[in-house]
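Here is the structure we will look at, set down as structure tokens.
Coordinate-derived values only; no laboratory data. What you see is a predicted model, and the numbers here were worked out from it, not measured in a lab.
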Amino acid sequence: MGSTELAAGGVACHAGSVLVVHRPRYDDWSLPKGHLKRAESWEQAARREVYEETGVRCVITSAPYPVSYLLAGGVPKLVLFYAMAPTELPERLTGDPGEVDEAAWWDIAVAMQQLSYESERAACAALAHAHRNPGGRDG
């Protein structure tokens with residue numbers, strides 16, 4: 001029995017939209033995420049993965065939202081998702097072509113219905129709520 005796989009990712013929101021990626025290897029739409037590198041914190045991994053998969057640099061704006069599930073072969077995986085806000089918006093979203101063939105901004109409500117995994121739809125719902133109506137303003 002292997003140990004738990006650890007990963008981190010982000011629910012990056014801007015102007016009522018959330019950043020999502022399409023991974024051709026799995027033919028899924030998901031939140032940007034990936035494995036922690038040696039000596040890397042959860043937060044560092046989350047920011048790095050969002051940048052590598054989308055080209056968007058972000059800051060973390062929340063405590064983590066944990067998601068756990070079993071991989072093929074019964075190996076447990078734990079992903080900590082963080083709410084994020086972009087610090088700069090590139091003209092074009094670009095990601096690691098070895099992992100992601102498309103990155104997009106989806107309306108938060110659409111993402112909560114269309115992401116491929118229930119656990120990620122739940123993470124989006126939990127972490128994007130602050131971005132839908134921050135301080136009583138639309139944004």
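Using only the alpha-carbon atoms, how far is helix 118-132 inclined from the longest principal axis of the chain? Give it as 0 to 90 degrees, nearest 10.
Result, in degrees: 30.
Over the chain, one equal point on each Cα, no solvent: what is log10 I(q)/I(0) by the Debye formula at q = 0.13, 0.15, 0.16, 0.20 Å⁻¹?
Scattering profile of the chain, log10 relative to I(0): -0.50, -0.67, -0.77, -1.22.
As an exercise, find the ratio Rg/Rh for the stretch 46-128 from alpha-carbon atoms, using the Kirkwood inverse-distance average for Rh. It would help to have the intermediate numbers written out before the result.
Values: Rg = 13.5 Å, Rh = 13.9 Å.
Computed over Cα atoms, the ratio is 0.97.
Give the angle, between 0 and 90 degrees and rounded to the nearest 10, that separates the Cα long axis of helix 42-54 from the longest principal axis of the Cα atoms of the chain.
70
Provide Rg and Dmax in Å for the stretch 6-63, with only Cα atoms included in the calculation.
11.3, 34
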